[in-house]
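The values are calculated or read from the model by the stated rules, or taken from the named source; none is laboratory data. Here the structure is a predicted model, which is why all the values come from computation and not from measurement. All Cβ positions, glycine included, derive from the backbone under ideal geometry; neighbour counts span all protein chains shown. Only protein heavy atoms, including side chains, enter the accessible area calculation; ligands, DNA and RNA are left aside. Shrake-Rupley method; radii C 1.70, N 1.55, O 1.52, S 1.80 Å.
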Amino acid sequence: MTEEIKKLKEWTSHSDNIVFFGGAGVSTESGIPDFRSTDGIYNQEYDYPPETILSHSFYEENPEEFYRFYRNKMLYLDAKPNAAHKKLAEWEAAGKLKAVITQNIDGLHQKAGSKNVLELHGSVLRNYCTKCHQFHGVEVVQHSKSVPLCSCGGVIKPDVVLYEEGLDSGVLSRAVSAIRHADVLIIGGTSLTVYPAAGLVQYYRGTKLAVINKSSLGRGADLTITQPIGEVMAQL
């Protein structure tokens, strides 16, 4: 165990007000590719750049291509929680962790047992009809051959935040409150380059800000660990 991990272990052992803010790197150890890493899906070839396909305007104008990409590249329903997800759920059950704030849409935190998960970008597991607003399971989208339709005839849209769409104000407000009141804030698996999510860190008022990221910039952290997050969390 490195000195940095020992320090983080000490922080978390003595805290009952931990908040975790996670990004794509939390799920890469579960086999879900990182959008911006060297081998992430943003570096693969498509007819359109993924940023374009995952935008609201593209969804509106090219729904069949949107859903083809979405089914092929955004659904990893067989993925299992890794050591990071499990440790966070364990802390929450013990009353130590107050919230998981995530930019991920895969639902792995809930699969691991976490209850208070603030999903900034929504979830692939929730889908709703844009006409009658009925909610549908992910299987409807997964098994559709083209644009998934509700029994009422409306288009079934994933409950995820696309480019050009705003974050849910209620989720954002709860995330800000959790960060502002945290004793220990752990940022894991994210480069914190996507706004407005990246700007949430400025609300932290404590002195125990830890960043765990393989290619971390630190961003003024009190503690920086550049190792895979699952390996680190398994030691805490």
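Using only the Cα atoms of segment 1-128, build the gyration tensor, take square roots of its eigenvalues as a ≥ b ≥ c, and label the shape rounded, prolate or oblate: rounded if a/c is under 1.5, else prolate if a/b is larger than b/c, else oblate.
prolate
Using a 1.4 Å probe and ignoring any ligands, DNA or RNA, find the accessible area of residue 138 and quote it in Å² to the nearest 10.
It works out to around 10 Å².
Once you've got the GNM for the chain with C-alpha springs shorter than 10 Å, pick whichever of 142, 202, 110 has the biggest mean-square fluctuation.
Residue with maximal mean-square fluctuation among 142, 202, 110: 202.
If the only charges are +1 at each Lys and Arg Cβ and -1 at each Asp and Glu Cβ, what is the size of the charge dipole of the chain around the Cα centre, to the nearest 20 debye?
Result for the chain is approximately 740 debye, rounded to the nearest 20.
How large is ³J(HN,Hα) for each residue in segment 50-65, as worked out from phi by the Karplus curve 6.51 cos²θ - 1.76 cosθ + 1.60 (θ = phi - 60°), to whole Hz, x for Gly and Pro?
Result, rounded to whole Hz: x, 4, 6, 4, 8, 9, 5, 5, 5, 4, 6, 8, 9, x, 5, 5.
State whether segment 109-236 is rounded, prolate or oblate according to the following rule on the C-alpha gyration tensor (a ≥ b ≥ c being the square roots of its eigenvalues): a/c under 1.5 gives rounded; otherwise a/b larger than b/c gives prolate, and the remaining case gives oblate. Present the calculation step by step, with values, prior to reporting the outcome.
On the way: a/c = 2.58, a/b = 2.06, b/c = 1.25.
Judged from the Cα gyration tensor, segment 109-236 comes out prolate (a/c at least 1.5, a/b above b/c).
Report, to the nearest whole %, how much of the accessible area of the chain belongs to carbon and sulfur atoms, 1.4 Å probe, protein only.
Heavy-atom surface of the chain belonging to carbon and sulfur, 1.4 Å probe: 48 percent.
Between residue 163 and residue 47, how many nm apart are label points set 7 Å from Cα along the C-beta direction?
Reported label-point gap for residue 163 and residue 47 is 1.7 nm.
Using only alpha carbon pairs under 8 Å that are at least six residues apart, calculate the relative contact order of the chain and give it in whole percent.
Relative contact order comes out at 25 percent.
Relative to the present Cα-Cα distance, how much length would full extension add between residue 65 and residue 234 at 0.36 nm per residue of separation?
Gain in length upon complete extension: 56.8 nm.
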